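Asker: Have a look at this one.
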C-alpha cells in the first residue's frame, strides 16, 4: 500500500501541467484564445492599411525598381501585397490613374484667383464681283479683301464675389485692338434688379447684341450696316438696369433701360458732356408647345448725331425669333426663324431724314454637323433719302466639332444706284478655352 502511494506521487510531480490545465476554467481559456485571434486580425488590418496608403501615394508611372543587394532581407512591395479582404483587394487593384484629382492648396488658389480665358478666331475670305457705290466706299463699307483674319476675340470671365461677375472681351483685328465689351454685372440688387456697368453692346434689337462668332451668317444684314452702326453697332460705355416684370399666361417679360455716354459709331455722337444716349428694350418670351417658343422684343434708342447737340437720331425696332426643336425625336434637328424691323428718324439739314429697313432669315439644322439657311435684306440709308438696297444670302455651315466651324455664304446685293454684287464668302472659326454662354 505504501508503494502505491509513492507511485501516484511521482506521476503527479512528472505531469504538473496536466493537472493545472484540468483545474483551470474552460471559459477563461476560450476568452484568451479569442483575444489572441483578434490581436492577430488587427495586426493584419494595419498591414493592409499601410499597403493601401503606399499604393495611393505612389505616382502613376514609376521607374523600374533597382535590384535588391545580395543578402538583403526580402520586403514585400505594396504592389505585390495581396490583402485578405475583398474590399482591400479591389482598392489595391485599382490603377493610380483612376484616383480623383485634388484641387486643394496652390492649385485651388490659382483657379480661384484667375478668370476663365478663351480665344476665338474668325478667318474670313471673299471672292466674286463686288461693285459697291462710291458713297458706301467712302463711308467704310467697301468690298471685303480676298483673305483676312477678321477678328480674334479674347474673353476674360470670372465670378468677382457672390454678388457680382465680370466679363471682358478684347477684339484684336488687323487695324488694332478694341475693347468690344468690358463690364461688371451686379446680380443681387434689391427689388430683383440686375445692373451692368462698363462698356457693352446695347439691348437694341437682336443682332446688335450678338458678337461676330455667334451670328448665323458671315456678315451682318444691310439694315444693321445702314441704320444701326454696322458691325460695332450701338456699343458704348454706360449703365444698364434690367428687371423681370410680372406677366400673365406663362409669359416671361423683361424690361431693360440703358444710359450711354453717347458715342456709337456713326449713329450717335457727343458734342458736349450732356449729350448722353438712351436705349430701352422690352422682351416677351413664351413657350408655344413643348418643341417651340417665340421671343419678341420692342426697342427704342435716342441720341445726338454728328451734326451737333441740337440734332437727334431716333431709332425704333421690333424683333422676333422663333425656335423649333423636336426634343422627343432628336436634338440635332431644329429650325430658327428671325426677323427684325428698324425705323430711323434723323435730324439733319435741310429736313428730317426717315429710313426703314428689315431682314428675315431661317436656319434649319439638317444633322449634328450640317446647317443650311437663307436671309433676305432690304434697307434704306439713314443719311440719304429715297435710296433702298436689297440683298439675298444662302448659307451652309459645317461643324467639325463644338470648337470649330466652316461656313460658306453666297451673297447677292442690289444697290440703289443700279450696281450689283455677286460674292462668295467663306469663314473659318475656332475657339480655345472656356467661353461663357451667350444670352438665349
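Asker: Of all the Cα-Cα pairs you can form in the range 112-265, what percent are over 27 Å apart?
Answerer: 34
Asker: Okay, next question. Residue 32 to residue 352: extension gain in nm, 0.36 nm per residue of separation minus the Cα-Cα distance?
Answerer: My answer for the length gained is 104.3 nm.
Asker: If neighbour count is taken as other Cβ atoms inside 10 Å, put 236, 287, 363 in order from fewest to most.
Answerer: Least crowded to most crowded, the residues run 287, 363, 236.
Asker: Something else about it: Quick one: which of 196-208, 147-159, 243-255 comes out on top by average Cβ neighbours within 10 Å, and what's the full order, highest first?
Answerer: 196-208, 147-159, 243-255
Asker: If you project the alpha carbons of the range 262-394 onto the principal axes, what extent comes out on each, in Å, largest first?
Answerer: 58, 29, 22
Asker: For all pairs of alpha-carbon atoms in the range 115-433, what percent lies in each bin of width 20 Å, listed from the first bin to the last filled one?
Answerer: Histogramming the range 115-433 at 20 Å steps yields 29, 62, 9 percent.
Asker: What's the extension gain from residue 398 to residue 132 if we count 0.36 nm per residue and subtract their Cα-Cα distance?
Answerer: Between residue 398 and residue 132, full extension yields 92.8 nm more.
Asker: Assuming R0 = 35 Å, what is the FRET efficiency of residue 148 and residue 241, from their Cβ-Cβ distance, to the nearest 0.05?
Answerer: Calculated value: 0.40.
Asker: Could I ask something else about it? With a 10 Å radius around each residue's Cβ, average the other Cβ atoms per peptide and rank 135-144, 211-220, highest first.
Answerer: Per-residue mean Cβ counts within 10 Å order the peptides as 211-220, 135-144.
Asker: Here is a follow-up. Multiplying the sequence separation of residue 294 and residue 54 by 0.36 nm and subtracting their Cα-Cα distance, what value in nm do you get?
Answerer: Net length gain for the segment: 80.4 nm.
Bear in mind these aren't lab numbers, they're just calculated from the coordinates by the rules spelled out. Only a predicted model underlies this, so the values are computations on that prediction, with no experimental measurement involved. So basically every Cβ, Gly included, is an ideal-geometry build from the backbone, and we count neighbours across all protein chains shown.
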